Amino acid sequence: MAITRRKFIGWIGAAAGATTLTAVNSHGASNKEFKGHPQSVGVLHDATRCIGCRLCEAACNTVNEMPAPDKPFDDLSVLDTLRRTTEKTHTVVNKFQPTAGGSPLFAKKQCNHCMEPACASACFVKAFQKDKTGAVSYDASLCVGCRYCMVACPFGIPTYEYDEPLTPRVLKCTMCLPLIREGKLPGCVEVCPREALIFGERSQLIKQARRRIQKFPDQYVDHIYGETEMGGTNWLYLSGVPFSEIGMREDLGTTSAPELTAGALSAVPMVVGLWPVFLTGAWAISRRKEKIAAEEKAKAIEETLNSAAEDTRKQLDDQRKKLTREKESAIAFEIKKALAEAQQKAEEELKAAAEQKAAAEKATEPVDQSTVPPEEDK
Amino acid sequence: MQYVKPLVGKIKPTPFNIITGAIIIMGIFLTIARFAGGLGTVTNLDNNNPWGLWIGFDLLCGVALAAGGYVTSATCYIFGLKRFHSAVRPAILTAFLGYALVVFALNYDVGRPWRLPYPVFFSQGTSSLLFEVGLCVFLYLNVLFIEFTPAVLEWLGLKRARDIVMKLTLVLTIFGVVLSTLHQSSLGALFLIAPSKLHPLWYSGYLPIYFFISSIFAGMSMVIFEGSLAHRFLHDKMDETHLSESQGVSMGFAKAASFIMMGYLGIKLIGLAIDNNWHHLFTGWGAWFLVELVGFVALPSFLYAIAARDKNLKLVRVASVLAVLGVVLNRLNISLVAFNWHLPSSQRYFPSWMEIATSIFIVTLGVVFYRFITTHMPVLYEHPDYRHDH
């Protein structure tokens, strides 16, 4: 069930609730799969119906109150050069010559309003918000002007006011969020004369697109661009030729931008948590080694000193023992000598006493006494 | 050696002063042009190429080459290699000046520089890697400032304040390594969000690790390189400790850098293998990739090893220049050369002369500040009052 302008008024009552809800952050690291805000809206661009009239560009210019272009919007020679969005043009229609020949093809380019926007994920001041309606909006009052959103956007959409010296803004399609909130259609959808653009709930637009592919399999490539690209976008595309032939990249993959950086972001708390532990540990180990080395050194010195003292003591001891021994032997010798002398003396005295006694006995017999020779002559 | 010098002596018309003076005057004119006319007046940036030389060189190279601060202080204070002590202060000074100039340069690049505190204080975009970079750079700049204050306090003779800061050394060093690990790697992780724009040879899920590991040898090589410059031009400001330790510092870092660069080479090859990007090597982009990897990583790594074995200081210095150039080349390749590689050459970016001149102006400011500080404060020598204090 696609919703054109005619059906839109009835539909808006249901959507009004969703549109008034506040915006939420894009998701960081998580194992939860985000499947888009329920009932978020979007636009289906059927490129096979686009005739390159540039009315959408003109309407966009009016709605967003942008300066008049160098060449008027009814000048279709502009289509001869491949263009991208600029700070003065939020949407551009490009012309492509099909490789198989035939009449030229056209495709409109603007912000795809990713379900998980790279710009919002990349913004370091939350200037980009994914609204519950599906629109990705920008708040210039927060923007620092770092232009990381432009680096991050896989579709090359955000633009910057490079010539604005003090208050440059990042500019891109807003899906006409103010109009949607008023219950109106985005400017480009409103004006499209061929219904190459239809506005509605994203889930309904996907069903509608699938029905078209099933009904006219020869007219369409069997792919809805934006259903899964970069995690899915709220702007969806149908084409009769491979999308790369109408200037759309087919190599973007299905991983959303936040998922691409989730791993790196999730490593941050681990570094904060573990690095101080590891580093303090490394410091403590080197400190401990220093301490042990110092202790071992001190011990070695002590041991050296101790052993030196021991040696000296031993030497002294030996010396002392030796001296003592010598002294003792000297004393023993002297004693022995003294004893020997004493003994000899005693013997001599005994002998002398005996002689005296004998002499005394001889004196009592005078005859005998004169015949006895003196002791000295013996 | 003279420890107290007049704040600003008579400025003599030496070739150095004339050239730096001319560059600074030109820088003032460019500053006026930038803030009067907007980025469009002075840069070649456009909607397809939102980041140019001021991000690729001033931010990415500036931060990588200022890694000497955390590498040297971690070597000395955490891993306990005390013979690197005399290299810590000059490395901290270079890092502080480097980061200060990175932030200064950002004022030229972002649209509304007075809002630079917004991500930290006002509206935190926590899902952004740029938020992480911003927060860490902001905190680390403060850490580096505190780490450098002892030199200033010694110069001013404020002994008690100096002793208090010295007690914080270990905590500050650990904090510095944590913050550096985070923002060095996050600068690489900035590009994870754009696999469709960066050439597959440079894009890898390992980008944050590549940036962190390469910052380690970038820091070591810068310490060696700056050491050789300082020896040439500021020899009279160095004391005996600095002079006697500096060869050991260069040799030690040469060995370490050689080893780490071999590891880096290994993980770069693992990155190629894991994404099966070998076939890209046989294209023009592959040749350029090999120039970076072989000529500016493998070669300096090899030269470092030879020089360390032979104790050849001259060769160490040659290798350090190659290694520094290699890191610059890597950062420029990722942010400028291989970024938007899919665009036709007419939509590719090349910096305007004014962008290049502004970058030269900012580097010149760094050199002038370094010279002023090293001629006035105890950086390359120890203050006589604190000589036996560590």
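The values are calculated or read from the model by the stated rules, or taken from the named source; none is laboratory data. Everything numeric in this text was worked out from a predicted model, so none of it was measured. For neighbour counting, all protein chains shown are included, and Cβ atoms are generated from backbone atoms with ideal geometry for every residue, glycine included. The accessibility values were calculated without ligands, DNA or RNA, using every heavy atom of the protein model including side chains. Shrake-Rupley method; radii C 1.70, N 1.55, O 1.52, S 1.80 Å.
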I'd like to know if the range A:240-254 contains one or more residues that are in contact (Cβ under 8 Å) with a residue 12 or more places away in the chain, β-branched (Val, Ile, Thr) and open to solvent by 60 Å² or more (accessible area, probe 1.4 Å).
yes
What tally of residues in the range A:116-142 results from selecting those that are within 7 Å of chain B (Cβ to nearest Cβ) and free of Cβ contacts under 8 Å to residues at least 60 places away in the same chain?
4
For the range A:300-308, does any single residue satisfy the condition of being more than 30 Å from B:Leu81 (Cα to Cα) and open to solvent by 100 Å² or more (accessible area, probe 1.4 Å)?
yes
Output the residues belonging to the range A:209-230 that are open to solvent by 20 Å² or more (accessible area, probe 1.4 Å), closer than 19 Å to A:His37 by Cα and touching a strand residue (DSSP E or B) at 6+ places or on another chain (Cβ under 7 Å).
A:Glu227
Can you find a residue in the range B:169-180 that is more than 8 Å from chain A (Cβ to nearest Cβ) and at pLDDT below 90?
yes
Test: A:Ala309 is in a helix (DSSP H, G or I) and either touching a residue at least 12 places away in the same chain (Cβ under 8 Å) or within 60 Å of the chain's Cα centre (by Cα) (or both)
no
For the range B:239-289, give me the residue count where each residue is open to solvent by less than 20 Å² (accessible area, probe 1.4 Å) and over 23 Å from the mean Cα position of the chain (by Cα).
5
Which fully enclosed helices (runs of 4 or more DSSP H) of the range B:9-84 have 3 or more residues being within 12 Å of chain A (Cβ to nearest Cβ), more than 21 Å from B:Val328 (Cβ to Cβ) and open to solvent by 10 Å² or more (accessible area, probe 1.4 Å)?
B:15-37
For A:Leu82, indicate whether it is open to solvent by 50 Å² or more (accessible area, probe 1.4 Å), in contact (Cβ under 8 Å) with a residue 60 or more places away in the chain and closer than 24 Å to A:Pro154 by Cα.
yes
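Specify which of the listed residues (B:Leu141, B:Leu229) is without any contact (Cβ under 8 Å) to a residue 40 or more places away in the chain and more than 9 Å from chain A (Cβ to nearest Cβ).
Answer to the selection: B:Leu229.
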Quick one: is A:Gln204 open to solvent by 20 Å² or more (accessible area, probe 1.4 Å), under 45 Å from the mean Cα position of the chain (by Cα) and more than 25 Å from A:Cys119 (Cβ to Cβ)?
yes
Give me a count of the residues in the range A:144-156 that are within 7 Å of another protein chain (Cβ to nearest Cβ) and farther than 13 Å from B:Leu190 by Cα.
4
So, A:Ala257, is that one away from chain B (no Cβ under 14 Å) and either of a type outside the set (Asp, Glu) or open to solvent by less than 90 Å² (accessible area, probe 1.4 Å) (or both) or not?
no
Could you tell me whether the range B:16-28 includes any residue that is among the small types (Gly, Ala, Ser), touching a Lys or Arg at 6+ places or on another chain (Cβ under 9 Å) and closer than 25 Å to A:Cys146 by Cα?
no
Determine whether B:Leu101 is in contact with a helix residue (DSSP H, G or I) (Cβ under 7 Å, 6 or more places away or on another chain), part of a loop (DSSP other than H, G, I, E, B) and either of a type outside the set (Phe, Trp, Tyr) or facing another protein chain (nearest Cβ under 10 Å) (or both).
no
Pairs only if they're at least six apart or on different chains, beta carbon under 6 angstrom, first in the range B:119-136 and more than 12 Å from A:Val144 (Cα to Cα), second of a type in the set (S, T, N, Q) and open to solvent by less than 10 Å² (accessible area, probe 1.4 Å); list them, first residue then second.
B:Ser127/A:Ser121; B:Leu129/A:Thr261; B:Leu129/B:Ser186; B:Glu132/B:Ser186; B:Val133/B:Ser186
Quick check, is B:Ser221 more than 14 Å from chain A (Cβ to nearest Cβ), under 23 Å from the mean Cα position of the chain (by Cα) and under 22 Å from B:Val291 (Cβ atoms)?
yes
Of the numbered conditions (1) without any contact (Cβ under 8 Å) to a residue 60 or more places away in the chain; (2) open to solvent by 20 Å² or more (accessible area, probe 1.4 Å), B:Lys159 fails exactly one; give the number of that condition.
(1)
If you go through the range A:262-289, how many residues are open to solvent by 60 Å² or more (accessible area, probe 1.4 Å), at the interface with chain B (Cβ under 9 Å from one of its Cβ atoms) and within 16 Å of B:Ala74 (Cα to Cα)?
4
